[in-house]
Amino acid sequence: MSRTVQCVVLKREAPGLDRPPYPGELGKRIFENVSKEAWAGWLKHQTMLINEYRLTPIEPKARKFLESEMEKFFFGTGSQAPEGFQPPKP
């Protein structure tokens, strides 16, 4: 039986992650409060941020930016797309 969490993003109970997805205290908070579905949403948003800002995730400055955006996405006011971003048309 999979574990469930009261997801802070979906505002409902949903299947939780199998293990902390990120190291440290932030990873622990995500594991305890974020569902698999919400984590998948973050991965899509993170990919968009990396592409739009042309980030290199191995660089410390980019990692710090992404960590800050991750915290906002889950526990803050939300992470916003870059100004002028237009999602691709299906």
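Read-outs: derived from the displayed coordinates by stated rules, not from any lab. All values reported here derive from a predicted model rather than from experimental measurement. Glycine gets a Cβ as well: all are built from the backbone with ideal geometry, and neighbour counts include every protein chain shown.
Quick notes on this structure:
- Residue-averaged 222 nm ellipticity for the chain, from DSSP H runs of 4+ at -39500 (n - 2.57), nearest 500: -16000 deg cm²/dmol
- Cα-centred dipole magnitude for region 4-75, charges only on beta-carbon of K, R (+1) and D, E (-1), debye, nearest 20: 60
- Less than 5 angstrom separates the built amide H of Val5 from those of Ala14, Gly16, all sequence-distant by 5 or more or on a different chain.
- Mean separation of Cα contacts under 8 Å (6+ apart) over length of the chain, as relative contact order %: 22
- Expressed as a fraction of 2.2 N^0.38 Å, the C-alpha radius of gyration for the chain is 1.13.
- Packing-based exposure ordering (other Cβ within 10 Å, fewest first) of Val5, Val34: Val5, Val34
- Note, ³J(HN,Hα) from phi for region 61-78, Karplus 6.51, -1.76, 1.60, rounded to Hz, x at Gly and Pro: 5, 5, 5, 5, 4, 5, 5, 5, 5, 4, 4, 5, 4, 8, 10, x, 7, x
- Listed residues Ala14, Gln46, Phe85: farthest to the positive end of the dipole of the chain (Cβ charges): Ala14
- Working note: Karplus 6.51/-1.76/1.60 with θ = phi - 60° gives region 36-42 the couplings 4, 4, 5, 4, 4, x, 5 Hz, where Gly and Pro are set to x.
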